[in-house]
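The next block holds one structure in the form of structure tokens; read it before the comments.
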Amino acid sequence: MCLFCKIVNREIKADVVRENEHALAFRDIHPAAPTHLLVIPKRHIAAIHDATAEDAALLGQLMLLARDVAEEVGLAENGYRLVVNNGRDAGQSVFHIHVHVLGGRALAWPPG
Ligand code: 5GP
Ligand code: ZN
């Protein structure tokens with residue numbers, strides 16, 4: 001079972017900020033910004049490149065949950081960034097799809 005599936009199953013601890021039937025939002029263990037959350041589906045999908053048309057609703061729910069948690073932790077006014085890394089060149093290190101929610105400081109663009 002993958003690392004994030006273990007977090008979903010509470011086999012590994014995480015600082016969960018929001019949960020619903022389909023998804024979980026928790027704090028990144030190595031924050032890259034003052035606020036850094038991860039939003040994941042409870043169902044294992046390895047990466048955006050592995051998603052199918054059947055996953056469309058779930059992917060939409062992840063985006064909306066990311067929006068809601070950003071609001072909840074106070075990022076809505078100044079703004080925030082949602083990031084999905086896919087594969088080696090993007091630096092994806094956990095192969096269970098996740099949306100990074102980054103905020104709390106001005107973020108450089110383009111990313112490195
Ligand atoms: P990726 O590089 O795959 O886009 O992002 C994976 C993220 O998961 C990284 O930002 C990393 O810090 C985070 N991460 C890795 N292991 C754990 C863990 O055990 N707990 C939590 N909360 N975050 C983790
Ligand atoms: Zn998984």
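The values are calculated or read from the model by the stated rules, or taken from the named source; none is laboratory data. Because the structure is a prediction, the values reported are computed rather than measured. A quick note on method: Cβ atoms are made from the backbone with ideal geometry, for glycine too, and the neighbour counts reach across all protein chains shown. These area figures cover heavy atoms from the full protein model, side chains too; ligands, DNA and RNA do not enter into them. Shrake-Rupley method; radii C 1.70, N 1.55, O 1.52, S 1.80 Å.
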(request) Looking for whichever is exposed (fewer than 14 other Cβ atoms within 10 Å of the Cβ), touching a residue at least 24 places away in the same chain (Cβ under 8 Å) and either away from ligand 2 (no atom under 16 Å from the Cβ) or assigned to a loop (DSSP other than H, G, I, E, B) (or both) here; the options are GLY87, GLY112. Which one fits? (result) GLY87
(request) From (1) crowded, with 17+ Cβ neighbours inside 10 Å; (2) in a loop (DSSP other than H, G, I, E, B); (3) touching a residue at least 24 places away in the same chain (Cβ under 8 Å), pick out the condition that doesn't hold for LEU102. (result) (2)
(request) State all residues of the range 90-99 that are within 16 Å of ligand 2 (Cβ to nearest atom) and either open to solvent by less than 50 Å² (accessible area, probe 1.4 Å) or among the charged types (D, E, K, R) (or both); if no residue qualifies, say none. (result) GLN92, VAL94, HIS96, ILE97, HIS98, VAL99
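Pick from ASP50, ASP28, ASP68, ASP55: which is within 11 Å of VAL101 (Cα to Cα), out of contact with any Gly (no Cβ under 6 Å at 6 or more places or on another chain) and more than 11 Å from ligand 1 (Cβ to nearest atom)? Before the answer, list the steps.
Details: ASP50 fails: within 11 Å of VAL101 (Cα to Cα); ASP28 fails: more than 11 Å from ligand 1 (Cβ to nearest atom); ASP55 fails: within 11 Å of VAL101 (Cα to Cα).
Just a single option satisfies the conditions, and that option is ASP68.
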(request) Pairs only if they're at least six apart or on different chains, beta carbon under 8 angstrom, first in the range 59-83 and closer than 12 Å to HIS36 by Cβ and away from ligand 2 (no atom under 16 Å from the Cβ), second modelled with pLDDT under 95 and open to solvent by 30 Å² or more (accessible area, probe 1.4 Å); list them, first residue then second. (result) VAL83/PRO111
(request) Residue by residue through the range 33-44, note down the ones that are more than 16 Å from ligand 2 (Cβ to nearest atom) and open to solvent by less than 60 Å² (accessible area, probe 1.4 Å). (result) ALA33, THR35, HIS36, LEU37
(request) Considering only the range 7-32, state which residues are outside any strand (DSSP E or B), open to solvent by 90 Å² or more (accessible area, probe 1.4 Å) and not acidic (Asp, Glu). (result) ARG10, LYS13, ILE29, HIS30
